Amino acid sequence: MSADTPSATDDGSRVSAHFWHPSLKTSTPVQFEAALAIDSNLDKKGKDTALAYLQALTSSRSVFISKLDSSAANTDAELDTAASAYLSLLLGIVNHYAPASNPAELDHETDSRLQALLGSGPRRINTSDELAVVSQQMLGNAPARHAVQLQWQDVLQTQGPSSTVDTVYEMASVLVSVAVWKQRRAVYLCQGSKTGTNSEAAIKAYSLLRCAGGLYQFSKDKCTPLLANICHSLDCNAQVLQGHMQLALADAQSITVLRAIQKGNAPSLVASLAHDTANMYQAAAQAFKQVASTSGMSSKAGKYAEWKLLVFQGYMFAFTGLGHLSSHEGGRAVKCAGESTSLCQAAAKAAAVFDKSAPASLAGDHQYFDAAFAESTASVYKKAKRENDTIFYNHIPDELPSPPEPKKLATPTEYQMPAPSLEVSEGIANSCRSQEAQKAAAMQDPGSAGGQPSTSHAGGNQIIATQPGQTAETTDAHTEGSSDTACWRWLLVIIALPLLAIISLIGIVVWIVLLPLKCCCCPVGMLAQLIWDVFEWLIKAPLRGLLWASGKPWRPAKASSAEKQHSEKTDSPV
């Protein structure tokens, strides 16, 4: 929609606006399925589900990045949809979510009980409302938070790439990139028209800028505290985000000021709105000065804030003068109007500094805005001077009259993080970890704690991680070692125990007979070893039967190299 497009809702007022708009943020592609490892203890179905989650994460990110291009997303709704789809999946590797095992564990009656669940550690989720509440809490306790290298282009304070291994940084960058896109969309709607912008486009731009302010505020309040001493990107700096939030809101309220002027609203109202707008530009300028003092880098955004501060101070005093003129105070009106013309000249110089600061911009981008400001201040001064000289004959005071109290209308639109996706709320994302963590887990002895085997459940099976030298067995969790099968195992072994004892005695006798053959007959060593192993099995038959009846591992373990050397030295059965 261009600024000149007629609309059924157009009230006829047109404004020449100008807004701050950083460059679009860009990012390098990421393959989450390659960067993250899946828990090896999962069964096939669990691994397939986790892989599908990672692939969806990669795909949704690619779609979102493509929508950041202004030509790809025709409306802000398209970009918001793509961002929400990606963030709902990304939450799984930002926060740790545990699926609910018992819906009665949560009390849905009061918000206070729900807030009590938002403490540290994993939380159990039951309803979509609770998911929405929990998603607003940025705890950064996901196992895979520090597992993926992510790179974005910094655009707010400096120009250049920034890279961090942190998914909270990714979330902050996504939110900032959407805010920048909305600011640029507002520029597209309102700039470049000689006749000004119609009311429908101005109202849409006002809404976009308020949303951008809400995104900057969410990033500052929720994300940057988790990135302290981790991320050095100035796009994730709290002071920088505060400054850009103030710029977005000041630009939004500047639309209100210009529309109030075009509609002929009371001078006192225009002056109050302009006063608050100037205060917001001043707060932004101070924030950028603080960043420059610590980082040594001044920004074009800071120059923009200083320029617009002078502009809206000029509007404030011009319409303060009109207010005095309507009250028959010609001297005060001339003093205020004269101050506005001085501020207009200072603003012209500040605009030139803004245009020259890197990256350079064209004065033609704001020529209609400048012309409207200069015409407004000049006409107010001429009117005040003429009426005071011909009608009021008031003395012009030395002191500049105080402007009216500021009046704020533009506030940030509160950003609501989307609820976690189904994969996240069911805890599937918790099975993803960094490649380094997966390798470390594979090298670590799973049964080192207490000398007991560790177990984990995946689907309907029980996976038993045994001691070194043993083999892992996956059996039915409802049959292996359960009470209904132990009885018939013991009964079978007791009946067969005499036979097993006889077999064991025969094995011992044959083993003794073959001992000289194994020691002395090297040419037939392989055959002797084979016969030796068979009778060793016979010797251990009663013991293996008892182990099988008790449900413990009974199959022979594959001996390690150290055990083989020890066996060759002792050369006797257990």
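The values are calculated or read from the model by the stated rules, or taken from the named source; none is laboratory data. Since we're looking at a predicted model, the values are computed, not measured. Every residue, glycine as well, gets a Cβ built from its backbone with ideal geometry; the counts of neighbours run over all protein chains shown. Ligands, DNA and RNA are excluded from the accessible area calculation, which covers all protein heavy atoms including side chains. Shrake-Rupley method; radii C 1.70, N 1.55, O 1.52, S 1.80 Å.
Quick look at the values:
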| read-out | value |
| --- | --- |
| Residue in region 239-254 that is surrounded by fewer than 24 Cβ atoms within 10 Å (Cβ to Cβ) and among the aliphatic types (A, V, I, L, M) present | no |
| The lone exception for S376 - which of (1) in contact (Cβ under 8 Å) with a residue 40 or more places away in the chain; (2) open to solvent by 70 Å² or more (accessible area, probe 1.4 Å); (3) part of a helix (DSSP H, G or I) it fails | (2) |
| Some residue of region 191-203 being buried (at least 20 other Cβ atoms within 10 Å of the Cβ), more than 23 Å from the chain's Cα centre (by Cα) and modelled with pLDDT of 95 or more | no |
| Residue match in region 264-275 (condition: closer than 18 Å to V187 by Cβ and buried (at least 20 other Cβ atoms within 10 Å of the Cβ)) | no |
| Close pairs from region 339-357: first free of Cβ contacts under 8 Å to residues at least 24 places away in the same chain, partner open to solvent by 40 Å² or more (accessible area, probe 1.4 Å) and outside any helix (DSSP H, G or I), Cβ under 9 Å, at least 6 apart | D355/L362 |
| For V380: the one exception among (1) in contact with a Lys or Arg (Cβ under 9 Å, 6 or more places away or on another chain); (2) modelled with pLDDT of 95 or more; (3) aliphatic (A, V, I, L, M) | (1) |
| Hits in region 207-221 (condition: under 21 Å from H275 (Cβ atoms) and open to solvent by 20 Å² or more (accessible area, probe 1.4 Å)) | R210 |
| Residue that is nearest to W152 (Cα to Cα), among those in region 43-78 that are of a type in the set (K, R) and either at pLDDT 95 or above or open to solvent by less than 60 Å² (accessible area, probe 1.4 Å) (or both) | R61 |
| Selected residue [at pLDDT 90 or above and surrounded by 13 or more Cβ atoms within 10 Å (Cβ to Cβ)] from T81, T28 | T81 |
| Residue count for region 222-238, restricted to those that are charged (D, E, K, R) and either modelled with pLDDT of 95 or more or open to solvent by less than 30 Å² (accessible area, probe 1.4 Å) (or both) | 1 |
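Rundown of residues vs (1) touching a strand residue (DSSP E or B) at 6+ places or on another chain (Cβ under 6 Å); (2) in a helix (DSSP H, G or I); (3) of a type in the set (A, V, I, L, M, F, W, C), yes/no style:
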site: Q282; (1), (2), (3): no, yes, no
site: E306; (1), (2), (3): no, yes, no
site: M316; (1), (2), (3): no, yes, yes
site: G321; (1), (2), (3): no, yes, no
site: H328; (1), (2), (3): no, no, no
site: G338; (1), (2), (3): no, yes, no
